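Participant: Here it is, the structure, as structure tokens.
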């Protein structure tokens, strides 16, 4: 976040501090550990972490583990690792919502004693009928006026496991005629006979998020509970819980628009479906919008945060262009990534006028704009690889690379002429026989002729083997989130979302590339060594994004 950066949330905080409603800032990020974090989660992290940092406050990580159905320690560990990778380590501590279960139970009993909560026997279907509609008020449950003693007894028996799932709930007693559906006697506890990843079998009743969350915020001293816009209608319930439990410290909830992005989805349900149905090879597949997928593809925290900041923080929902994310990483890697030579689809070349037993070395810059990064030596022999797309036997108009009887500059080395084209039995080009102008190793032709094409190359004798994977959008529709249903995924999957190049070649220095290290393969794009398959490089982005910033 740039110095002086501000948004409507900061305006609220400035007002709170100026008018004495708060004297410090304490935020939190409350993920549910039922999946991996995605780039939408990164927006919530960025807002909460950087807001706390701007005001020299504290930032908590609190796992929202109040629903044991799909929660798992695998996700707990992944979430903390992702925050660390983003550089957003919790300055205020790491907490678990489940560690507050005793307090939640205690406060629920207080509401019962105060006549503000009751045990209800209505089924889920009956409750929906009693709830009313947006235009019609709801009806009070026939169990709403149970005595305090009966409610306390039933609630304790719920806790002790006497009832089946769904048989009873604990509901707040608010207002069944409220225009806000969330205030119509909402459920604050349900029965769920299932072991918890952290609490084991201690509990068979679990608090609902709308009840547990404001309690956790209040107990941790959160000042500004910043969450996405879908919780805006839940804010009156948040305040009701804080006020009626009687907390001295009263946190306040404020909402911002979620991050939506073209050609992908942010729903954990759909992301889980991509994984479970085998459309991707895991939560960290480089086509996924998960932070682990983006990391594996070669994206950086700084590029992700740059994208989020450029996308803006507002109240109104909008759709961010995925190409802006690509633009941000291209801008960064153009400045930071060292250059290397790789041939993705190799075509053999033999230099017929160059000695077979000779090897010489040409110095290539590690970064053309940063001489301080030095150079490395690229070996040159009479047997080379060039990129298959850099040669056309029947060139199209305007083609400036190699063609029969044509010349190109071998990048950093000689000018080369194609003299003969070899084919296989099917007519496919298999090898080129060429000659080089030995006088051009360090400059232009003596006779002054102009050679426009400039292509990269590798010695066949020293090139290293690896695979390259080129990624594209996983979905083929821009606004796919509005089109997906559980049974129509196949219709929107992009069949060319990943293309493998199993015979790629690289300069010798790439043998020493570390997992996650990023390079510009000259003329080809930005690549990083894969974390799952060390024999492969993933394309992060092309050399230039098609996105045009405003």
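Where a number appears in this text, it was derived from the coordinates with a stated rule and is not lab data. What you see is a predicted model; the values in this text were computed from it and never measured. Don't worry about glycine lacking a Cβ; one is built from the backbone with ideal geometry, like all the others, and counts go over all protein chains shown.
Participant: Using only the alpha carbons of region 342-455, what is the convex hull's orientation-averaged projected area in square nanometres?
Facilitator: Details: hull surface 33.6 nm².
With every direction weighted equally, the projected area is 8.4 nm².
Participant: Moving on. Given contacts defined as C-alpha pairs under 8 Å and at least six residues apart, what's the relative contact order of the chain, whole-number percent? Working shown, then result.
Facilitator: Numbers: 1055 pairs, mean separation 65.3, N = 550.
Answer for the chain is 12 percent.
Participant: Label point 7 Å out from residue 461 along Cα-to-Cβ: which residues of region 351-393 have amide N under 18 Å?
Facilitator: 351-363, 377-386
Participant: What nm value, rounded to one decimal, do you get for the distance between residue 180 and residue 392 when each label is placed 7 Å out toward the C-beta?
Facilitator: Here the answer is 6.5 nm between the modelled labels.
Participant: Please give the contour-minus-distance gain from residue 128 to residue 277: 0.36 nm per residue of separation, less the Cα-Cα distance, rounded to one decimal in nm. Walk me through the intermediate numbers first.
Facilitator: Details: separation 149, 0.36 × 149 = 53.64 nm, distance 3.26 nm.
That works out to 50.4 nm of additional length.
Participant: Now a separate question. Pulled fully out, how much extra length does the chain show between residue 12 and residue 372, if you take 0.36 nm times their separation in residues and subtract their Cα-Cα distance?
Facilitator: Working: separation 360, 0.36 × 360 = 129.60 nm, distance 4.60 nm.
Result for the pair: 125.0 nm of gain on full extension.
Participant: R0 = 60 Å: FRET efficiency of residue 140 with residue 317, Cβ-based, nearest 0.05? Working shown, then result.
Facilitator: Working: r = 35 Å, r/R0 = 0.58.
The computed FRET efficiency comes out at 0.95.
Participant: How big is the antiparallel share of DSSP beta bridges in region 8-256, given as a percent to the nearest 5?
Facilitator: Details: 11 of 24 bridges.
Given both bridge residues lie in region 8-256, the antiparallel proportion sits at roughly 45 percent.
Participant: Beyond 34 Å, how much of the Cα-Cα pair distribution for region 8-256 remains, as a whole percent? Please report the intermediate quantities before stating the final value.
Facilitator: Values: 5830 of 30876 pairs.
When all Cα pairs of region 8-256 are counted, 19 percent exceed 34 Å.
Participant: Sticking with this one: In whole Å and largest first, what semi-axes does the C-alpha gyration tensor of region 429-548 yield when each eigenvalue is scaled by 5 and square-rooted? The partial results should precede the final answer.
Facilitator: On the way: eigenvalues 289, 75, 40 Å².
Semi-axes, largest first: 38, 19, 14 Å.
Participant: Of all DSSP beta bridges located in the chain, what percent are antiparallel, nearest 5? Don't skip to the answer; put the middle values down first.
Facilitator: On the way: 55 of 83 bridges.
Approximately 65 percent, going by the DSSP bridge assignments.
Participant: Percent of alpha carbon pairs in the chain separated by more than 44 Å? Could the numbers behind the result be given before it?
Facilitator: Values: 52344 of 150975 pairs.
Here the tail beyond 44 Å accounts for 35 percent of pairs.
Participant: Same structure again: Would you kindly work out the equivalent ellipsoid of region 408-496 from its C-alpha gyration tensor and give its semi-axes, the square roots of five times the eigenvalues, largest first in whole Å? Display every interim value, and only then the final one.
Facilitator: On the way: eigenvalues 415, 67, 37 Å².
Calculated on Cα positions only, the semi-axes equal 46, 18, 14 Å.
Participant: At R0 = 45 Å, how high is the FRET efficiency between residue 149 and residue 91 if r is their beta carbon distance? Nearest 0.05 is fine.
Facilitator: Working: r = 46 Å, r/R0 = 1.02.
With R0 = 45 Å, the Cβ-Cβ based efficiency is 0.50.
Participant: Where both partners of a DSSP beta bridge lie in region 342-455, what percent of those bridges are antiparallel, to the nearest 5? Write down the numbers at each step before the final one.
Facilitator: Details: 22 of 29 bridges.
Expressed as a percentage, antiparallel bridges in region 342-455 total about 75.
Participant: Same structure again: Quickly work out the residue 483-to-residue 399 label distance, labels modelled 7 Å from Cα along the C-beta direction, and quote it in nm with one decimal.
Facilitator: 3.5 nm
Participant: Another one. Run the helix sum for the chain: -39,500 (n - 2.57) per DSSP H stretch of 4+ residues, divided by residue count, reported at 222 nm to the nearest 500 deg cm²/dmol. Don't skip to the end; give the middle numbers.
Facilitator: On the way: 13 runs with 143 residues, N = 550.
So the calculated ellipticity at 222 nm is -8000 deg cm²/dmol.
Participant: Round to the nearest 10 and give me the degree value, 0 to 90, for the angle of helix 322-336's Cα axis relative to the longest principal axis of the chain.
Facilitator: Around 50 degrees separate the two axes.
Participant: Could you rank the peptides 282-293, 196-207 by their average count of other C-beta atoms within 10 Å per residue, with the highest value first? Show your work: numbers first, answer last.
Facilitator: Values: 282-293: 23.1, 196-207: 17.9.
The densest-packed peptide leads the list: 282-293, 196-207.
Participant: For region 8-256, what is the relative contact order in percent, using Cα pairs closer than 8 Å and at least 6 residues apart in sequence?
Facilitator: 18 percent
Participant: Between the helical axis of 235-245 and the dominant principal axis of the chain, each derived from Cα atoms, what acute angle in degrees is found, rounded to the nearest 10?
Facilitator: Tilt relative to the chain: about 50 degrees.
Participant: Can you pull the one-decimal nm distance between simple spin-label points at residue 363 and residue 193, each 7 Å off the Cα toward Cβ?
Facilitator: The two pseudo-label positions are separated by 7.8 nm.
Participant: How many angstrom separate the Cα center of region 256-280 from the Cα center of region 121-193?
Facilitator: 33 Å
Participant: Any idea what the relative contact order of region 342-455 is, in percent, if you count C-alpha pairs under 8 Å spaced at least 6 apart?
Facilitator: On the way: 220 pairs, mean separation 30.4, N = 114.
Once divided by the residue count of region 342-455, the mean separation gives 27 percent.
Participant: Same structure again: What full-extension length gain, to one decimal in nm, is calculated for residue 450 and residue 425 as 0.36 nm per residue of separation minus the Cα-Cα distance? Before the final figure, lay out each step's value.
Facilitator: On the way: separation 25, 0.36 × 25 = 9.00 nm, distance 3.59 nm.
Value of the extension gain: 5.4 nm.
Participant: Note the angle between two axes, namely the Cα long axis of helix 148-159 and the longest principal axis of the Cα atoms of the chain, as a number of degrees from 0 to 90, rounded to the nearest 10.
Facilitator: That works out to roughly 40 degrees.
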